[in-house]
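Visitor: This structure is in structure tokens; I'll ask about it shortly.
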Amino acid sequence: MAEQLEPLASQLQATLGLGQPFNDPGVGVFGLRNAVFALGDCFLEIVSPEQPDTAAGRYMARQGGGGGYMAIFDTDDLAGARARAAQLRVRAVWEIDLPDIATTHLHPGDMRGAIVSLDQPDPPGSWRWGGPDWTGRIGRGAPGRLVGVTLAVDDPGAVAARWGEVLGVAAADDQARDGRANDRREEDGAAVLGTDGGEVRFVPARGGVERLIEIAVSGTPLSRGEQEAIELGGVTIRRVDGRPATG
């Protein structure tokens with residue numbers, strides 16, 4: 001999320017060698033503009049408020065400026081995820097059911113750290129929010145893939161447990177039986193949830209501000225150079241080539 005879409009969108013495009021973005025006119029109903037970039041079979045989106053007194057603008061003000069705001073998960077059981085969220089009294093802030101995709105956005109105050117978007121596309125692998133090339137079919141993104149995100153939160157273990165419950169990630173004790181540990185604690189106080197081909201990492205917040213602070217990518221250089229990390233719009237983009245995926 002940024003105060004202005006440009007120059008951040010162009011900087012992200014150049015940094016990761018991305019193709020042309022899709023600008024979704026549908027986000028105008030929320031008082032926003034956006035740029036959606038496909039990276040492999042995943043997406044990176046930048047949004048900016050274009051009207052005064054929008055929910056996005058208020059959220060950004062509470063965060064003290066631009067930065068990460070949403071984590072999107074592709075699921076094959078949205079009904080189950082919706083039911084688990086309701087049972088945990090996690091509020092849905094937006095829902096839609098279309099022939100080719102169904103989506104629920106969960107309240108950041110209940111999930112902590114970011115808005116969580118749960119999406120179930122039909123056919124699997126399509127994603128209409130990525131534009132015509134991805135509507136009802138699977139498009140092709142720029143080389144590379146998104147392999148993880150990091151969120152700064154108070155009490156990383158508790159927040160990871162909440163996300164895991166909603167996402168349907170098995171508890172650590174259950175996963176230990178088959179040799180996997182998708183919910184593990186690290187020496188620095190972090191907690192990690194494994195997803196299909198990636199991970200969501202939770203680290204202690206500083207200064208009381210909870211937000212998405214880092215995106216991990218593989219298979220793509222940063223600005224066609226050898227940098228391991230670069231900061232754009234309040235979010236660190238880190239290259240993690242050679243790191244094994246979890247999940």
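The values are calculated or read from the model by the stated rules, or taken from the named source; none is laboratory data. Note that the structure is predicted; figures quoted are calculated from it, not measured. For neighbour counting, all protein chains shown are included, and Cβ atoms are generated from backbone atoms with ideal geometry for every residue, glycine included. SASA here: full protein model, heavy atoms, side chains in, ligands and nucleic acids out. Shrake-Rupley method; radii C 1.70, N 1.55, O 1.52, S 1.80 Å.
Visitor: Return the percentage of antiparallel bridges among DSSP beta bridges fully within segment 66-156, rounded to the nearest 5 %.
Guide: In segment 66-156, approximately 70 percent of DSSP beta bridges are antiparallel ones.
Visitor: Which cross-chain or sequence-distant (5 or more) residues have an amide H under 5 Å from the amide H of ILE72, H modelled 1.01 Å from N in plane?
Guide: Residues meeting the criterion, in which the H sits 1.01 Å from N, are SER117.
Visitor: Also, I was wondering about something else. Can you say what percent of the DSSP beta bridges in the chain, counting only those with both residues inside, are antiparallel? Round to 5.
Guide: 70 percent
Visitor: Another question, if that's okay. Can you classify the chain as rounded, prolate or oblate using the Cα gyration tensor, where a ≥ b ≥ c are the square roots of its eigenvalues, rounded means a/c under 1.5, and otherwise it's prolate if a/b beats b/c and oblate if not?
Guide: Rounded shape, in that the Cα axes give a/c under 1.5.
Visitor: Right, something else. Compute and list, largest first, the equivalent-ellipsoid semi-axes of segment 1-126 from the alpha carbon gyration tensor, each √(5λ) rounded to a whole angstrom.
Guide: 24, 20, 13
Visitor: Compare the peptides 133-144, 209-220, 229-240 by average per-residue count of other Cβ atoms within 10 angstrom and give them in order, highest first.
Guide: 209-220, 229-240, 133-144
Visitor: Using a 1.4 Å probe on the protein chains only, how many percent of the accessible area of the chain belongs to carbon and sulfur?
Guide: That fraction is 49 percent.
Visitor: Could you calculate, for segment 1-41, the ratio of the Cα radius of gyration to the Kirkwood radius, expressed as Rg to Rh? Don't skip to the answer; put the middle values down first.
Guide: Numbers: Rg = 10.7 Å, Rh = 10.9 Å.
Computed over Cα atoms, the ratio is 0.98.
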